[in-house]
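*Asks:* This structure is in structure tokens; I'll ask about it shortly.
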Amino acid sequence: MTGTTSTLINPATEEVLRTVEQLDVPAVDDAIARAAAAQKRWARLAPAERAAGLRAFAATVDAHVDELAALEVANSGHPIGNAEWEAGHVRDVLQFYSGSPERLSGQQIPVAGGLDVTFHEPLGVVGVITPWNFPMTIAAWGFAPALAAGNAVVLKPAEWTPLTTIRLGELAVEAGLDPDLFQVLPGRGSVVGERFVTHEGVRKIVFTGSTEVGTRVMAGAAAQVKRVTLELGGKSANIVFDDCDLERAAATAPYGVFDNAGQDCCARSRILVQRNVYDRFMELLEPAVKGVVVGDPTERGTEMGPLVAKPHWESVSSYVPDDAPVAFRGSAPSGAGYWFAPTVLTPARTDRTVTDEIFGPVVTVLPFDDEADAIALANDTPYGLSGSIWSENLSRAMRVSRAVEAGNLSVNSHSSVRYTTPFGGFKQSGLGRELGPDAPLHFTETKNVFFAISEST
Ligand code: NAD
């Protein structure tokens, strides 16, 4: 208990939702101490018992998908269909990693004079720090594999959107997990988040957020050689070649960038189009952008809700001043709510709308000349998270996908995330990988033990 609270606002209505307590450093220290004790109990359980615990957590989430989705709609403004998918994704991630405790085996290595064995030991307490844009899913990418590997987790949700993560913490307890094993600790980044970084009892930080804060977390963690996984910003390219299915590329481009109102680290926020099909692509893109259904996130059929909060709305708006090179815009409701119409800009290659991660429903479209120009443009960014390549030429798609410096690319699609495959960024988009079958290993230390075998007497 700290006495300080933050007030949450529904971004679609600007009505007050509720207040949430903000923890202070002593409260965080107490939670970490309890997590350390719970971790020891958890790691001592048989692998099958830990697997059963995670399966029970998945089943409890499954029973509360509707409740979690409604909470996300109110807190984050996500359209109801998206929010239901996100809650289901949390269940699926837990279910997937519930298989890991019984599969996390080491190796027996041939050596002279004895038996050599590796073990994957849990790290202890893992600190997960999440951003506001996909609160539930990103939390699960951290806590599920960390728990599966035998760790305890303390998790700090983002200030604006903590509600579904707080509820997940409660559901873990309802599922029968030790209340100290997975603790959600709301509070400020500069207090709770920084304490995770400086506390010696936290052995690893999984940070998802901006590159600016991520670099600070990494620098702070260096003082204790603390392990970090960083999932940071992006400015991904959607590369449209003249030999692609142009109708499909244009029809799906809005989904590639305006999903979650563009508040998506994988948003394809730079569309690069081969010059000889540029005009035709823009003709096709315009009705697709104007057709995006922006509005009440509680309504089924809504494709894009509001921006998350007023300061973020102001930040996104600053990229579209009155004299901005707007090609066309979609529509958005007026009145209460942080609404922003999908916006297509045609700026110069060096404009800040092309270089900055705007993190809203704003996309730039630039022409390119040939394959080399497309690759150079796509890589002309400090980021390297995601991207799409549209071409019916398989060799070209392979060449370009190998040349683009990004962790998650899709060809003739905008799909970025599957929990069965590794996810993460090149360059300043991050460090390490989440998801995929190896994720639990990233929450362990490999220990090697040599057992000498004495000569028979
Ligand atoms: P942010 O960096 O402002 O905050 C992220 C989290 O860090 C929040 O919980 C915040 O409270 C906390 N924090 C702030 N200061 C801290 C400090 N000094 N020490 C420790 N923690 C601190 O990011 P945001 O605005 O919440 O999220 C948007 C950003 O997240 C975008 O840049 C987006 O690209 C990125 N993101 C990346 C991925 C990915 O997987 N690569 C996914 C989603 C979002």
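The values are calculated or read from the model by the stated rules, or taken from the named source; none is laboratory data. Remember, predicted model here, so these are calculated numbers, not experimental data. FYI the Cβ positions are ideal-geometry reconstructions off the backbone, even for glycines, and counts take in every protein chain you see.
*Asks:* Can we say Ser334 is more than 16 Å from Leu272 (Cα to Cα) and surrounded by 14 or more Cβ atoms within 10 Å (Cβ to Cβ)?
*Replies:* no
*Asks:* Only one of (1) of a type outside the set (A, V, I, L, M, F, W, C); (2) touching a strand residue (DSSP E or B) at 6+ places or on another chain (Cβ under 9 Å); (3) without any contact (Cβ under 8 Å) to a residue 40 or more places away in the chain fails for Asp180. Which number is that?
*Replies:* (3)
*Asks:* Return the residues of the stretch 417-435 that are near the ligand (Cβ under 9 Å from one of its atoms) and touching a Pro at 6+ places or on another chain (Cβ under 9 Å); say none if nothing qualifies.
*Replies:* Ser429, Glu434
*Asks:* Shifting gears a bit: Which residue, of Asp259, Asp279, is out of contact with any Leu (no Cβ under 7 Å at 6 or more places or on another chain) and either within 16 Å of the ligand (Cβ to nearest atom) or not assigned by TED's automatic domain parsing to the domain that holds Pro306 (or both)?
*Replies:* Asp259
*Asks:* I've got another one for you. Scan the stretch 203-229 and report the pairs whose first residue is closer than 20 Å to Trp132 by Cα and whose second residue is more than 11 Å from the ligand (Cβ to nearest atom) and of a type in the set (S, T, N, Q), with Cβ atoms within less than 6 Å and a gap of 6+ or a chain change.
*Replies:* That search, which allows pairs on different chains as well, returns nothing.
Here is a yes/no grid of residues against (1) among the aromatic types (Phe, Trp, Tyr); (2) out of contact with any helix residue (DSSP H, G or I) (no Cβ under 9 Å at 6 or more places or on another chain); (3) touching a residue at least 60 places away in the same chain (Cβ under 8 Å):
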{"position": "Arg399", "(1), (2), (3)": "no, no, no"}
{"position": "Arg418", "(1), (2), (3)": "no, yes, no"}
{"position": "Phe423", "(1), (2), (3)": "yes, no, yes"}
{"position": "Gln428", "(1), (2), (3)": "no, no, yes"}
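*Asks:* Next up: Which residues, taken from the stretch 188-228, are within 8 Å of the ligand (Cβ to nearest atom), in a loop (DSSP other than H, G, I, E, B) and either more than 18 Å from Gly142 (Cα to Cα) or out of contact with any Pro (no Cβ under 6 Å at 6 or more places or on another chain) (or both)?
*Replies:* Residues satisfying the conditions are Arg188, Ser210.
*Asks:* Now, a different point. Which members of the stretch 129-154 meet the condition of being among the aliphatic types (A, V, I, L, M) and either in contact with a helix residue (DSSP H, G or I) (Cβ under 6 Å, 6 or more places away or on another chain) or away from the ligand (no atom under 15 Å from the Cβ) (or both)?
*Replies:* Ile129, Met136, Ala139, Ala140, Ala144, Ala146, Leu147, Ala148, Ala149, Ala152, Val153, Val154
*Asks:* Can I ask one more? Hey, any hits in the stretch 383-392 for a residue that's without any contact (Cβ under 8 Å) to a residue 60 or more places away in the chain, over 23 Å from Gly214 (Cα atoms) and surrounded by fewer than 19 Cβ atoms within 10 Å (Cβ to Cβ)?
*Replies:* Within the stretch 383-392 (the criterion being without any contact (Cβ under 8 Å) to a residue 60 or more places away in the chain, over 23 Å from Gly214 (Cα atoms) and surrounded by fewer than 19 Cβ atoms within 10 Å (Cβ to Cβ)), the answer is no, since none of the residues qualifies.
*Asks:* All but one of (1) out of contact with any Asp or Glu (no Cβ under 7 Å at 6 or more places or on another chain); (2) within 16 Å of the ligand (Cβ to nearest atom); (3) in the same structural domain as Glu121 (by TED's automatic domain parsing) hold for Pro440; state the number of the condition that does not hold.
*Replies:* (2)
*Asks:* For the stretch 162-187, which residues satisfy the criterion of being in a helix (DSSP H, G or I) and within 16 Å of the ligand (Cβ to nearest atom)?
*Replies:* Leu163, Thr164, Thr165, Ile166, Leu168, Gly169
*Asks:* Could you tell me whether the stretch 134-141 includes any residue that is buried (at least 24 other Cβ atoms within 10 Å of the Cβ) and either farther than 17 Å from Ser416 by Cβ or at pLDDT below 95 (or both)?
*Replies:* yes
*Asks:* Of Asp380, Asp369, Asp373, Asp322, which residue is surrounded by fewer than 21 Cβ atoms within 10 Å (Cβ to Cβ), in contact (Cβ under 8 Å) with a residue 60 or more places away in the chain and either away from the ligand (no atom under 16 Å from the Cβ) or among the basic types (Lys, Arg) (or both)?
*Replies:* Asp369
*Asks:* Something else now. Evaluate the following for Ala33: is it among the small types (Gly, Ala, Ser) and either under 19 Å from Ala144 (Cβ atoms) or surrounded by 15 or more Cβ atoms within 10 Å (Cβ to Cβ) (or both)?
*Replies:* Answer is no for this residue.
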